Amino acid sequence: MSRVLVVGGGVSGLAAAHRLRTLLGPDADIVVVESARALGGKLSALEIGGRRVDVGAEAFLARRPEATERITELGLGDQLVHPGPAVSSLRVGGRTVGLPPRTVMGVPGDPDVAAGALSPAGLAALREDRPGTWEPGGDVAVGALVRDRLGDEVADRLVDPLLGGVYAGHADGLGLRATVPALAAALDADPRSLLAAARSCLPAPPVEGAPPVPVFGTLRGGVADLPATLALAARAELRLGRTVTSLTRTPTGWRADLGEDDPIDADAVVLAVPAPGLRRLLADLAPDAARAVGEIELASTALVVLALPAAAAAPLAGRSGVLVGAGERRPDGLPWTIKAATFSSEKWPHLAPSTDPDDTAVLRLSIGRHGDAASLAALRRDDDDLVSAARSDLAALTGIEDVPVESAVARWPGGLPQYGVGHLDRIDALERGVAALPGLAVAGATLHGVGVPACLATADAAARRVADHLAAVAHPPG
């Protein structure tokens, strides 16, 4: 019987534990150690306004198969839901405009779709599509590339808000190769035109009359239901509120020290922890890998959730939310505290209020951009001040000044890794260092994507690496 230790009880660690169970069978001993006192990591939910609402990630990309396939495998297929027809917006140039359709992380293939978000000069720069230098296989900051070829407005008004929504970072600090890999690959093939590269990445236009293909999905009870379901299916021993302080090799496998608790001996280990934890645990085992992952910076964010009287939210009808461009100002000249507003009860039909006049509508207001001094100052405010600031922004954005029925704040310090220029090189160094250590694997948002599908993919890969190692030990060649 094999024993596998999984360090980290977020969705990546729990997905790895579940996949290990399916690969190793019922007799394997799987132990999950999580430093927090609850499972789920950045997938978390709370009850507000009579609804269960995600206060971490709220959805996953439906076009990637990993999440939908795992949800179906776990028997949750009937709980899968998609957004309704409400439209998204941008707050750019002092106006709220529709989010341009058919872009690659804000880079349009057709300049006409962006006309409403740009000034005449900005649109002219976009149409010019200036040629630039490009090193196949290389990497540059997304913002630098877009500014050089398409102008500042495309970078600030289109690309930066979308990247900020995903990574809580700035286009000028995020690398193209890791954040928009399809666009980097298209430029490798033909670097002459950024617009043409974007066009080549776009899916075929929808067939007239065909139902739209959903971009996002979630679970009816919240995507936060996924970690708990994975934990149940994994049938693992859970040790919460415990921190692995060091990891060492033994003649038969691995030993994890847990401070004052007894150490855990295991045949193999999966590390599914953020970059600082990887750096600490790998420092003596794989110094080059630890140095590489130690270069990955983290963004901190917060989420203000409001439950408003349903009638008060009437101005939001048909609107799923707004992304606020970096550097934008409110009508009164003050900087925005929020970087995005999601009108959850409009975006998700299962969260829509009923006809009961006492029912509520739910909104999520996101705060925090990496490297932004104003964002850092906002995140230092206490919960009441943060709610007040977010409500003030909501009033400036939508005109809604009603007092919420209920409010809540969720904070995610160091919650999002920043995929800077050269990120894939750092991850290659990490994975090469770990590959030299039999019985050790890594998973999580630090590696190849911060979304749920990407995390599940790394978890599956880590579990298969461990299972292959255990099989090789049990049945050596010859």
Cβ-Cβ under 7 Å pairs, at least 6 apart or on other chains, region 323-352 side over 21 Å from Arg95 (Cα atoms), far side in a loop (DSSP other than H, G, I, E, B) and of a type in the set (D, E, K, R) = His350/Arg220
Does Glu260 fit the bill of being over 17 Å from Ala441 (Cβ atoms), in the same structural domain as Val31 (by TED's automatic domain parsing) and surrounded by 14 or more Cβ atoms within 10 Å (Cβ to Cβ)?
-> no
Quickly run through region 335-368 and pick out the residues that are acidic (Asp, Glu) and in contact with a strand residue (DSSP E or B) (Cβ under 6 Å, 6 or more places away or on another chain).
-> Glu346
Which residue out of Ala210, Ala233, Ala197 is of a type in the set (A, V, I, L, M) and at pLDDT below 95?
-> Ala210
Wholly enclosed helices (runs of 4 or more DSSP H) of region 362-478 bearing at least 1 residues touching a residue at least 24 places away in the same chain (Cβ under 8 Å) and more than 28 Å from Arg64 (Cβ to Cβ) = 373-379, 383-398, 452-474
Could we say that Ala256 is assigned to a strand (DSSP E or B), small (Gly, Ala, Ser) and farther than 20 Å from Pro83 by Cβ here?
-> yes
Report whether or not Pro136 is closer than 30 Å to Ser320 by Cα and in a loop (DSSP other than H, G, I, E, B).
-> no
Please state which one of Thr337, Thr355, Thr342, Thr301 is among the polar types (S, T, N, Q) and surrounded by fewer than 18 Cβ atoms within 10 Å (Cβ to Cβ).
-> Thr355
Does region 97-106 contain at least one residue that is assigned to a helix (DSSP H, G or I), surrounded by 13 or more Cβ atoms within 10 Å (Cβ to Cβ) and at pLDDT 95 or above?
-> no
Only unsatisfied item for Tyr419, checking (1) touching a Ser or Thr at 6+ places or on another chain (Cβ under 6 Å); (2) surrounded by fewer than 19 Cβ atoms within 10 Å (Cβ to Cβ), is (2)
Given the conditions (1) within 30 Å of Val405 (Cα to Cα); (2) out of contact with any Gly (no Cβ under 8 Å at 6 or more places or on another chain); (3) surrounded by fewer than 21 Cβ atoms within 10 Å (Cβ to Cβ), report the number of the one that Ser88 does not fulfil.
-> (2)
All but one of (1) modelled with pLDDT under 95; (2) surrounded by fewer than 18 Cβ atoms within 10 Å (Cβ to Cβ); (3) in contact with a Leu (Cβ under 9 Å, 6 or more places away or on another chain) hold for Ala314; which doesn't?
-> (3)
When you look at Ala307, is it in contact with a Ser or Thr (Cβ under 6 Å, 6 or more places away or on another chain), at pLDDT 95 or above and surrounded by fewer than 18 Cβ atoms within 10 Å (Cβ to Cβ), yes or no?
-> no
Within region 236-279, restricting to residues that are over 21 Å from Ala463 (Cα atoms) and acidic (Asp, Glu), the one that is modelled with the highest pLDDT is Asp257
Of the residues in region 370-385, how many are closer than 21 Å to Ala408 by Cα and among the small types (Gly, Ala, Ser)?
-> 3
Quick count over region 32-64, residues being crowded, with 24+ Cβ neighbours inside 10 Å and on the phi > 0 side of the Ramachandran plot, is 2
Any idea how many residues of region 346-361 are part of a helix (DSSP H, G or I) and either of a type in the set (Phe, Trp, Tyr) or more than 21 Å from the chain's Cα centre (by Cα) (or both)?
-> 4
Which of (1) surrounded by fewer than 18 Cβ atoms within 10 Å (Cβ to Cβ); (2) assigned by TED's automatic domain parsing to the domain that holds Val322; (3) under 21 Å from the mean Cα position of the chain (by Cα) is the odd one out, the single condition Val166 does not satisfy?
-> (2)
For residues that are under 22 Å from Leu424 (Cβ atoms) and in contact with a helix residue (DSSP H, G or I) (Cβ under 7 Å, 6 or more places away or on another chain), tally how many sit in region 112-146.
-> 12
Among the listed residues Gly327, Gly321, which satisfies the condition of being surrounded by fewer than 16 Cβ atoms within 10 Å (Cβ to Cβ), outside any helix (DSSP H, G or I) and of a type outside the set (D, E, K, R)?
-> Gly327
Check region 299-311 and report whether any residue there is part of a helix (DSSP H, G or I) and not assigned by TED's automatic domain parsing to the domain that holds Arg21.
-> yes
Condition set of a type in the set (A, V, I, L, M, F, W, C) and not in a helix (DSSP H, G or I), scope region 149-198, selection nearest to Val92 (Cα to Cα): answer is Ala168
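The values are calculated or read from the model by the stated rules, or taken from the named source; none is laboratory data. Just so it is clear, the structure is predicted and the values come from calculations on it, not from any experiment. Quick reminder, even Gly has a Cβ in these numbers, built from the backbone with ideal geometry, and neighbours come from all protein chains shown.
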